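Asker: Got a structure for you, written out below as structure tokens; questions coming shortly.
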Amino acid sequence: MTEKKGYAGNGFVHVKNPHLALMDEDILYHLDLGTKTHNLPAMFGDIKFVCVGGSPNRMKAFAQFMHKELGFEGDGKDVKDICAGTDRYSMYKVGPVLSVSHGMGIPSISIMLHELIKLLHHAKCQGVTIIRIGTSGGLGIEPGSVVITDTALDSFFKPQFEQVILDNVVVRSTELDKDLAEELLNCSKEIHDFPTMTGHTMCTYDFYEGQGRLDGALCSFSSEKKLEYLKRAYNAGVRNIEMESTVFAAMCGLCGLKAAVVCVTLLNRLEGDQITVPHEVLLEYQRRPQQLISIFIKKRLGLY
Ligand code: R2B
Ligand code: URA
């Protein structure tokens, strides 16, 4: 069974759960927020851009960067973690921009997205664009390149996400917003310091065996088998590998959110498995998707 995508005719965020309307209160447990304890429309109603990424520190740095880029007063160093009451996820708000961490892997981002999407719905946000800014392993491209995902694929190179619901498997589309990806690619033309391209992104359930690494605690395949798989992925159009894009695309699509995935590549997986770039270089790589998104947001706000 394949589910239909949500449509956002009125720009509101759709929740597709009839039970929610019957609930007196909704506690967003992992975000430490709730409909009775917080005035969500007042706190979040003006949000237009949501950026999510794995690491809490990186998402704080992104919020501080956006504070500066949007020309807000002060240095932004004291930006407050809205989810400080929980250590599961971090969340920062800078004007119309919300920056949220999601941890590593499909289960972690999925929990965060359920609660974030409900948060945007309860807050009556309209016309929200959501972008995952992350890290990834590159396939046949120069480390440090930025990949804008055109299609998120599973480990079998299929553009789908399989959600187990009770004891059924529900297949969801992982289509992303094509116009948004093109708009982001256009913004990348303003940046000359690193290559940016569109390509397919493969999403796996694991960093080691699931991504064909030879350096995990477990490995039962040869170097030849690994390369044969990765080259097949390359020939199917895969340019980078990460661990969240399929469920992100599926959930955002169903709830009517325009979504994009922009990841920097930390290494070329056809050349190795270990991430050997020095710490400072890694930090600089991780700022690349942020730079691109900042141009995109400023252009949308008429500030660029
Ligand atoms: C990219 O980097 C993380 C693994 O190191 C994972 O969250 C991902 O998708
Ligand atoms: N994140 C991944 O999921 N894989 C990599 O190789 C690097 C970062």
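The values are calculated or read from the model by the stated rules, or taken from the named source; none is laboratory data. Every value quoted in this text rests on a predicted model; they were computed, and no experiment measured them. Cβ: placed from backbone, ideal geometry, glycine included. Neighbour counts: every protein chain shown. To get the accessible areas, we keep the full protein, side chains included, count just its heavy atoms, and leave off ligands, DNA and RNA. Shrake-Rupley method; radii C 1.70, N 1.55, O 1.52, S 1.80 Å.
Asker: Got a sec? Which of Ser223, Ser188 is under 23 Å from Arg300 (Cβ atoms) and at pLDDT 95 or above?
Answerer: The unique qualifying residue is Ser188.
Asker: I've got another one for you. Within the range 225-252, take every residue that is in a loop (DSSP other than H, G, I, E, B) and in contact with a Leu (Cβ under 9 Å, 6 or more places away or on another chain) and give me the one that is least open to solvent (accessible area, probe 1.4 Å).
Answerer: Gly237
Asker: Do we find that Ile133 is in contact with a Gly (Cβ under 6 Å, 6 or more places away or on another chain), modelled with pLDDT of 95 or more and on the phi < 0 side of the Ramachandran plot in this structure?
Answerer: Considered against the rule, which asks whether it is in contact with a Gly (Cβ under 6 Å, 6 or more places away or on another chain), modelled with pLDDT of 95 or more and on the phi < 0 side of the Ramachandran plot, Ile133 comes out as yes.
Asker: If we keep just the residues of the range 253-267 that are within 23 Å of Gly212 (Cα to Cα) and open to solvent by less than 10 Å² (accessible area, probe 1.4 Å), which is farthest from ligand 1 (Cβ to nearest atom)?
Answerer: Checking each candidate, the answer is Val262.
Asker: Would you kindly identify the strands (runs of 3 or more DSSP E) lying entirely within the range 99-168 that contain at least 1 residues that are without any contact (Cβ under 8 Å) to a residue 12 or more places away in the chain and open to solvent by 10 Å² or more (accessible area, probe 1.4 Å)?
Answerer: In the range 99-168, 160-165 are the strands (runs of 3 or more DSSP E) which contain 1 or more residues that are without any contact (Cβ under 8 Å) to a residue 12 or more places away in the chain and open to solvent by 10 Å² or more (accessible area, probe 1.4 Å).
Asker: Follow-up. Pick from the range 200-226 the residues that are within 12 Å of ligand 1 (Cβ to nearest atom) and aromatic (Phe, Trp, Tyr): which of them is farthest from Phe248 (Cα to Cα)?
Answerer: Looking at the filtered set, the residue picked out is Tyr208.
Asker: Hey, another quick one. How many residues does the range 24-67 hold that are closer than 19 Å to Asp78 by Cα and open to solvent by 10 Å² or more (accessible area, probe 1.4 Å)?
Answerer: Result for the range 24-67: 10.
Asker: Next question. How about the range 82-98: which of its residues are of a type outside the set (Gly, Ala, Ser), touching a residue at least 24 places away in the same chain (Cβ under 8 Å) and either open to solvent by 40 Å² or more (accessible area, probe 1.4 Å) or part of a helix (DSSP H, G or I) (or both)?
Answerer: Passing the criteria: Ile82, Arg88, Lys93.
Asker: Cβ-Cβ distance below 6 Å, separation of 6 or more or different chains: which pairs start in the range 278-298 with a residue that is closer than 11 Å to Met66 by Cα and end on one that is modelled with pLDDT of 95 or more and open to solvent by 60 Å² or more (accessible area, probe 1.4 Å)?
Answerer: Partner pairs satisfying both residue conditions: Ile295/Glu190.
Asker: Output the residues belonging to the range 268-303 that are buried (at least 19 other Cβ atoms within 10 Å of the Cβ), within 15 Å of ligand 2 (Cβ to nearest atom) and within 19 Å of the chain's Cα centre (by Cα).
Answerer: Selection gives Tyr285, Gln286, Arg288, Pro289.
Asker: Six or more apart or on different chains, Cβ under 8 Å: which pairs go from a residue in the range 53-80 that's free of Cβ contacts under 8 Å to residues at least 12 places away in the same chain to one that's crowded, with 17+ Cβ neighbours inside 10 Å and assigned to a helix (DSSP H, G or I)? Could you list them?
Answerer: Hits for this filter: Gly74/His67; Asp75/Gln64; Asp75/His67.
Asker: Next up: When you check Thr204 against the structure, is it within 16 Å of ligand 2 (Cβ to nearest atom) and touching a strand residue (DSSP E or B) at 6+ places or on another chain (Cβ under 9 Å), yes or no?
Answerer: yes
Asker: Okay, next question. Report yes if Leu176 is under 24 Å from Glu142 (Cβ atoms), open to solvent by 20 Å² or more (accessible area, probe 1.4 Å) and either in contact (Cβ under 8 Å) with a residue 40 or more places away in the chain or of a type in the set (Gly, Ala, Ser) (or both), otherwise no.
Answerer: No: the conditions fail for Leu176.
Asker: If Met197 passes every condition in (1) open to solvent by 40 Å² or more (accessible area, probe 1.4 Å); (2) in contact with a Lys or Arg (Cβ under 9 Å, 6 or more places away or on another chain); (3) part of a loop (DSSP other than H, G, I, E, B); (4) of a type in the set (A, V, I, L, M, F, W, C) but one, which one does it miss?
Answerer: (3)
Asker: Then there is this: For the list (1) in contact with a helix residue (DSSP H, G or I) (Cβ under 7 Å, 6 or more places away or on another chain); (2) within 13 Å of ligand 1 (Cβ to nearest atom); (3) β-branched (Val, Ile, Thr), I need the number of the one condition that Val128 fails.
Answerer: Unmet condition: (2).
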